[in-house]
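All of the numbers you see were taken from the coordinates with simple rules; none came from a lab. From a predicted model like this one, the values you see are computed outputs, not experimental measurements. When we count neighbours, we look across all protein chains shown, and the Cβ atoms used for this are built from the backbone with ideal geometry, even at glycine.
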Amino acid sequence: MILDREELLSSGYVIVKDVLDQPLLDELRRATDGLLAQQSADDIERYKYQGSNIAVAYQDPVFARLFALPKALDALRALGFTSPRWWSTFLLSKPPHAPPLYWHQDWWAWDDPISASPVPAQVFLMYYLSDTNPGNGCLRVIPGTHCRHNPLHDLLPAAHTRETYEANPNSVIFSSRPDEIDVPVTAGDLLIGDARILHAAYANQTDHHRSLLTLWYFPDYDLLPDAIKAYAARKKPLDLPDWWSGEEGKLMEPLIPRYNGDAAPATWNRVPKLFY
Ligand SMILES: O=C(O)CCC(=O)C(=O)O
């Protein structure tokens, strides 16, 4: 697989075509529709701009197969990353006629000097489970904002906080930006992006839901500062399912971030500042 590392480093994202085959897409649709059906009314209201915000881990073995998908790990290798670790996954599903998602970025350790590196410490791997376009809620990005200041940075609150969940729909955080571009994809494509890039999503104006699985990885864990590793590895061990002793558990083991040193964990700070 040949991918352009320079494109990721300069624009902040790349698209890899046809990563999920039809049977895997079908399995993921079945598993994610099952999770969506269990949402509480409170969560549906709280996460209305994201559509849903469901933590996905080992509810179904198909998710472990997705997190360890050889084609996706090959894509990371082709981009020059050699020690990937999976951190978390969220199901963001816009119901029919859902509002747009606010502009934001998702990096969380802005006090650490690694935040100013041209190379991403953390990336998202996004899999949309249906074709996307501006009419059903495709992604929008402002290229280059993962490492360059943009006027929008000065207008945004920290992402995924009460301030964004309860934002007025007329707020600037939903505005059209002169330098934004649309990122429509075909179901099964893989969108890899720098956690620092400014992004948003259109409203879903259709009668069908639009589901997205966002997988978070540290693409080169071995190169990260100890403080980031210490934070990444401290997540409470999940209750492992019965199937962990089988094939899928073996696939996941090398992808789990671990840290045995004694560095203090990095501080959580989602407000960008190192560009200034
Ligand atoms: O829904 C989308 O297309 C993007 C979701 C996202 O970026 C987020 O919730 O952080």
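Some observations on this one:
- Cβ-based exposure ranking for K94, K235, in which fewest neighbours within 10 Å come first: K235, K94
- Gain upon complete extension [V119, W244; 0.36 nm per residue less C-alpha separation]: 41.7 nm
- Entry note, the chain: the mean residue ellipticity at 222 nm calculated from DSSP H runs of n ≥ 4, each adding -39500 (n - 2.57), is -6000 deg cm²/dmol after division by the residues and rounding to the nearest 500.
- Under 12 Å, Cβ to Cβ, from G137 - net charge with Lys/Arg +1 and Asp/Glu -1: +1
- J(HN,Hα) series, the range 35-45, from Karplus relation 6.51 cos²θ - 1.76 cosθ + 1.60, nearest Hz, glycine and proline x: 5, 4, 5, 9, 5, 7, 4, 4, 5, 4, 6
- For T89, the residues 5 or more places off, or on other chains, whose built amide H falls under 5 Å of its own are V56, W216.
- Listed by chain and number, the lysines placed with their C-alpha closer than 23 angstrom to that of K235 are K250; residues fewer than eight positions away on the same chain are left out.
- Of the two radii for the range 1-62, the radius of gyration is 1.11 times the Kirkwood radius, both from the alpha carbons; that is the Rg over Rh value.
- N170-L25 pseudo-label distance in nm [points 7 Å out on the Cα-to-Cβ vector]: 4.1 nm
- Residues F81, F67 arranged by fewest to most Cβ contacts within 10 Å: F81, F67
- Which listed pairs, of K229/K273; K71/K273; K48/K229, have C-alpha distances above 30 Å, in listed order: K71/K273; K48/K229
- Under-5 Å amide H pairs with L198, H placed in peptide plane, nonlocal only: I142, T145, H146
- Rounded to the nearest 20 debye, the dipole size of the chain about its Cα centre is 380 debye, using +1 on the Cβ of Lys and Arg and -1 on the Cβ of Asp and Glu.
- Residue separation of D226 and D33 scaled by 0.36 nm, minus their Cα-Cα distance, works out to 65.7 nm of gained length.
- Remark: the range 111-116, residue by residue, has Karplus-estimated 3J(HN,Hα) of 7, 8, x, 4, 4, 9 Hz, where x stands for each Gly or Pro and the curve is 6.51 cos²θ - 1.76 cosθ + 1.60 at θ = phi - 60°.
- The spacing between the range 220-267 and the range 1-67, judged by their C-alpha centroids, is 20 Å.
- Listed peptides 123-135, 151-163, 3-15 appear in the order 123-135, 3-15, 151-163 once ranked by packing, highest mean of other Cβ atoms within 10 Å at the front.
- Solvent-free Debye scattering, log10 I(q)/I(0), computed from the Cα coordinates of the chain at q = 0.09, 0.16 Å⁻¹: -0.40, -1.42
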